[in-house]
Amino acid sequence: MPGVDAPSVLVGMLQALRPQGHQMLIKTRSLLGVFEEDAAAISRYVSQLYQAMHRIYDAQNELSAATHLTSKLLKEYEKQRFPLWGDDEVMNSTLQQFAKVIDELSSCHAVLSTQLADAMMFPITQFKERDLKEILTLKEVFQISSNDHDTAINRYSRLSKKRENEKVKYEVMEDVYTSRKKQHQTMMHYFCALNTLQYKKKIAMLEPLLGYMQAQISFFKMGSENLSEQLEQFLTNIGTSVQEVRKEMDREVEIMQQTIEDLEIASDPLYLPDPDTTKFPSQRNLTRKAGYLNARSKTGLVSSSWDRQFYFTQGGNLMSQARGDVAGGLVMDLDNCSVMAVDCEDRRYCFQITSFDGKKSSILQAESKKDYEEWICTINNISKQIYLSENPEEMAARVNQSALEAVTPSPSFQQRHESMRPTPQTRPPTTRTSSTGSIGSDSASLSALSLDSLVAPDTPIQFDIISPVSEDQPGQAKTSGQAGRRTNPFGESGGTKSETEDSILHQLFIVRFLGSMEVKSDESSDVVYETMRQILAARAIHNIFRMTESHLLVTCDCLKLIDPQTQVTRLRFPLPNVVLYATHQENKRLFGFVLRTSTGRADSRSTSVCYIFESNNEGEKICDSVGIAKQIAFHTELDRRTSEKQKEIDKVKEKQQKELSKQKQIEKDLEEQSRLIAASSRSSQSVGEGQFVVLSSSQSEDSDLGEDGKKKKESEA
């Protein structure tokens, strides 16, 4: 009789225990449940068969009824639904033949009790009392070792990162090593026993039946004419098949024992909770990941708890499955999500996942640095929807390779394109407007430029925000009392008047700083796109996952980065110096702007720095707000210039009016003086020679003042 297919499935389950990660863990857990269910079904069926045979042994007077019951159970075997056995026609036909023969022998008067005890009751009793109880014992030991392992893992997870004690750490790691090794060994022996049970099940059911028939043959020796040669040949074949199954079981047990020894040797380094990443490097091209993580959940206003659950990715979703659950539940949609490393409650290897709309977030803790980096890389790859391609891992490898080439260009490439860079005299003029879609530039001329003419290949990248207290930022002039000052994002109030207090636009956004770098051109949005690509690639290559969260305040005067905790202004960007801004073409959460500042050198050259940020799916809104702010600032400047020009015109008119009044007064004084001179000349003629006309002192002074004022007006004219 050929073997059953179930042992080969168990060998595959045992192979899943090899230290290859967590990919086969879900399948192993499911198979374990199926095997335990099958063992319970076998136990129930064997108990019924044992009771039936025990009735044959106990009551010879009821032999006919007990034999009939046994025959009935054998006939119902084909209706049984064993999860692992399947449809075995050979086994069904064999048991049906046994049921037919036993039903014919149910009219026999008695069976020798000793022969039944030795040949029928002993094998099934051994199987029931020894083999099935061994399965139950191993199951309890496996459960105890699993609980000990969970306790050790929880104690290890609570190790402090700041107050690290080497003695305590060594004891905890030794406890994890011992409990994990014990659990692994118990698990392998438990699986081996479940596998062996499939063979013992056949022997335990066929061997008692064979002994029963042999006892009947020996008892009814005188009625051997009722037993045909065909039945004897059938029994001989069954005995041969049982021996073959036993030999096959011995071979499989030997193979599994060797596999267990090999796995114990190969798995020894993996018992450590945090293996060396130099020996076991992280895989960055994964689009699927599964394993145990500690999830943080709030239990009060300031208190929280950590629960260890099994997490796995399925398509673009993050799933979790608690112990005892049949299937996993949805945790979060990972499409266009963001993931970053965080510091949380003095625990190591913590990272935060935020949904694309920013409404949902989860803080998780990995067990080791390898898992920590692989989870972040996997979620980043899924967020870019790489899993939708035909070969996701190959696509992820190409993306990472492209990122590596983007930040490590070869010298020959730079020299090859050095001659292609346009000079400032031949660069076509460009214009800018207030929104991303209308940023004016000559696209035909920019398409001819190489990427290194926009951003230098060897330009350093700044990933952290440097406080203005410690270092001057580009485009941020430090004034007395300005650096490190607390700022109300909705307008300051108090004795000191804020510089943005008169601004009619105040819009606040939550952003995370990704990086900044100096650029060579600020005339096309391609500069922002290329800077985004290089900064994201550099972060992925150098394992920089931490981002600084700030509040971006957009006003008509400037852009401010404000600390959300202390309300201190971290950076200030004058709005006139923001010459370019754009949103990523595909990922609308990414945006950036170019700030043009003067270097302060003798040649008075200006430099351009591109700043890249990530928002909660508000990149376009931020760019629109900046555009509106620049429009308001532009119209405000036009109104200011118009007002100043009108004031100058009014001053000129007032000055001309004053000049005209003075001129009229001078003419009037001259006429009066001429009249007086004419009158004096007539008086002199009338009095004769030797007589004079004496003018009054006031008239003399007016005359002198009139002549002097006239000379002065002429000199001023």
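The values are calculated or read from the model by the stated rules, or taken from the named source; none is laboratory data. Computed from a predicted model, the values in this text were never measured in an experiment. All Cβ positions, even for glycine, are placed from backbone atoms using ideal geometry, and neighbour counts span all protein chains on display. What goes into the accessible areas is simple: the full protein's heavy atoms, side chains included, and nothing from ligands, DNA or RNA. Shrake-Rupley method; radii C 1.70, N 1.55, O 1.52, S 1.80 Å.
What is the local net charge at residue 51, summed over the other residues whose Cβ is closer than 12 Å to its Cβ (Lys, Arg +1; Asp, Glu -1)?
+2
Once you have the Cα-Cα distance between residue 125 and residue 246, take 0.36 nm times their residue separation minus that, and quote the gain in nm to one decimal.
Gain in length upon complete extension: 41.8 nm.
Return the long-range amide H neighbours of residue 289 (sequence gap of 5 or more, or a different chain), with a cut-off of under 5 Å between placed amide H atoms.
313
First select every other residue whose beta carbon is under 11 angstrom from the beta carbon of residue 308; then total the charges, Lys and Arg +1, Asp and Glu -1.
My count for the surroundings of residue 308 gives -2.
List, largest first, the extents of the alpha carbons of segment 318-395 along their principal axes, each in whole Å.
If we take the Cα atoms of segment 318-395, the spans are 40, 30, 28 Å.
Would you please name the trypsin sites (Lys or Arg not before Pro) within segment 89-148 that are DSSP coil residues with at most 14 other C-beta atoms within 10 Å of their C-beta?
Counting only loop positions with at most 14 other Cβ atoms within 10 Å, none of the trypsin sites (Lys or Arg not before Pro) in segment 89-148 qualifies.
How high is the FRET efficiency between residue 389 and residue 72 when r is their beta carbon distance and R₀ equals 60 Å, given to the nearest 0.05?
Efficiency, rounded to the nearest 0.05: 0.50.
Protein chains only, probe 1.4 Å: how do 284, 158 rank by accessible area, largest first?
Solvent-accessible surface, decreasing: 158, 284.
Looking at segment 525-593, which GluC sites (Glu not before Pro) are DSSP coil and have at most 11 other C-beta atoms within 10 Å of their C-beta?
586
Would you mind computing, in nm to one decimal, how far apart the modelled labels at residue 520 and residue 41 are, each placed 7 Å from Cα along Cα→Cβ?
7.2 nm
Quick check for me: using +1 on Lys/Arg Cβ and -1 on Asp/Glu Cβ, what's the dipole size of segment 249-333 about its Cα centre, in debye to the nearest 20?
760 debye
Which lysines, on any chain, are close to residue 668 with Cα under 21 Å apart, when same-chain ones fewer than 8 places away are left out?
Straight-distance partners of residue 668: 655, 658, 710, 711, 712, 713.
Could you work out the percent of alpha carbon pairs in segment 182-296 separated by over 25 Å, rounded to a whole number?
Across segment 182-296, Cα pairs with separations above 25 Å total 55 percent.
Are there any GluC sites (Glu not before Pro) in segment 368-399 that are in a DSSP loop and have at most 10 other Cβ atoms within 10 Å? List them by number.
Here the GluC sites (Glu not before Pro) that fit, given the DSSP loop and packing criteria, are 390.
For the residue pair residue 166 and residue 272, what label-to-label distance in nm results when each label sits 7 Å from Cα along the Cα-to-beta-carbon direction?
1.6 nm
Working out 0.36 nm times the residue gap between residue 143 and residue 361, then minus their Cα-Cα distance, what length gain in nm do you get to one decimal?
Here the answer is 75.1 nm.
Sum up the charges of everything whose Cβ sits under 11 Å from the Cβ of residue 178, counting Lys and Arg as +1 and Asp and Glu as -1, but leave residue 178 out.
After counting each charged neighbour, the total is -1.
According to a simple spin-label model (label point 7 Å from Cα along Cα-to-Cβ), what is the distance in nm between residue 343 and residue 232?
9.0 nm
Highest first, please rank the peptides 164-172, 610-618, 535-543, 252-260 by the mean number of other Cβ atoms sitting within 10 Å of their residues.
Averaged packing, sorted descending, gives the order 610-618, 535-543, 252-260, 164-172.
Given the pairs 75/201; 133/202; 161/181; 289/369, which are separated by over 20 angstrom at their Cα positions?
161/181
Give me log10 I(q)/I(0) at q = 0.26 Å⁻¹ for segment 153-199, Debye formula, one equal scatterer per alpha-carbon, no solvent.
So the normalised log intensities are -0.89.
Against the globular-protein guess of 2.2 N^0.38 Å, express the Cα radius of gyration of segment 118-168 as a ratio, rounded to two decimals.
Relative to the 2.2 N^0.38 Å estimate, segment 118-168 comes out at 2.18.
In whole percent, and with a 1.4 Å probe on the protein chains, what portion of the accessible area of segment 162-269 is carbon and sulfur?
Carbon and sulfur atoms account for 51 percent of the accessible area of segment 162-269.
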